[in-house]
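Step one of this worksheet: look at the structure below.
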Amino acid sequence: MSVRSVLKYARISSQKARQVTRAITGMPVSQALSVLDFTPKKAAFLVGKTLRSAIANAENNHEQDASEFIVQSATATPGPALSRIMPRARGSAAPIKKRMTHITVIIGAPKTAEAPAAGEAAAVPAKKAPAKKKAAPKARKEKASE
């Protein structure tokens, strides 16, 4: 079973948050928390907050022990952007986009590799087809000059 938590409208660009979410995807929850605690980025604080919320959801709402869980996915998707204006020279203005992001963290039990049953044979990988050889170039017919 997987448990998810979402932090919406975080005041950071999704590109910056994605750097941190890629780093923790696939890690055990305890290891991901320690990585986030020692990462000196604003996004690490926001992703850690969302991860702690997912752990609390698993323990309180679903009555599961989240200590064996792994981070199945952590994503940062773009949210709305605030449009602002910065005054520039000679009475002109330049647009500024203050970006927001939605951070989603999904944790769940690790998938275990299932061994084949005693009566079943193990899967045998298919043989690769031999590579085709290129045909030799055809000899050109020379024109007979008379």
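The values are calculated or read from the model by the stated rules, or taken from the named source; none is laboratory data. Note that the structure is a prediction, hence the values are computed from the model and not measured. When we count neighbours, we look across all protein chains shown, and the Cβ atoms used for this are built from the backbone with ideal geometry, even at glycine.
Residue count for the stretch 48-70, restricted to those that are assigned to a helix (DSSP H, G or I), in contact with a strand residue (DSSP E or B) (Cβ under 6 Å, 6 or more places away or on another chain) and surrounded by 20 or more Cβ atoms within 10 Å (Cβ to Cβ): 4.
Taking the listed residues S34, S5, S83, the one that is outside any strand (DSSP E or B) and of a type in the set (S, T, Y) is S34, with no other qualifying. Taken as a whole, the condition of being buried (at least 19 other Cβ atoms within 10 Å of the Cβ) and touching a residue at least 60 places away in the same chain (Cβ under 8 Å) does not apply to V20. Residues of the stretch 8-31 that are in a loop (DSSP other than H, G, I, E, B) and over 15 Å from the mean Cα position of the chain (by Cα): R11, I12, S13. The set of residues from the stretch 34-47 being surrounded by fewer than 18 Cβ atoms within 10 Å (Cβ to Cβ) and within 17 Å of the chain's Cα centre (by Cα) comprises just one member, V35. Within the stretch 71-100, restricting attention to residues that are free of Cβ contacts under 8 Å to residues at least 60 places away in the same chain and in contact with a helix residue (DSSP H, G or I) (Cβ under 7 Å, 6 or more places away or on another chain), which residue is surrounded by the most Cβ atoms within 10 Å (Cβ to Cβ)? Across the stretch 71-100, the extreme among qualifying residues is A74. The residues of the stretch 1-14 that are modelled with pLDDT under 95 and surrounded by fewer than 13 Cβ atoms within 10 Å (Cβ to Cβ) amount to a single one, M1.
If you check Q31, Q19 for being under 27 Å from M1 (Cβ atoms) and of a type outside the set (V, I, T), only one passes: Q31.
So that you can scan it fast, the table gives a plain yes or no per residue for (1) over 20 Å from G79 (Cα atoms); (2) in contact with a helix residue (DSSP H, G or I) (Cβ under 8 Å, 6 or more places away or on another chain); (3) of a type in the set (A, V, I, L, M):
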residue: Y9; (1), (2), (3): no, no, no
residue: Q19; (1), (2), (3): no, yes, no
residue: I24; (1), (2), (3): yes, yes, yes
residue: M27; (1), (2), (3): yes, yes, yes
residue: A32; (1), (2), (3): yes, yes, yes
residue: T39; (1), (2), (3): yes, yes, no
residue: A44; (1), (2), (3): no, yes, yes
residue: G48; (1), (2), (3): no, yes, no
residue: I55; (1), (2), (3): yes, yes, yes
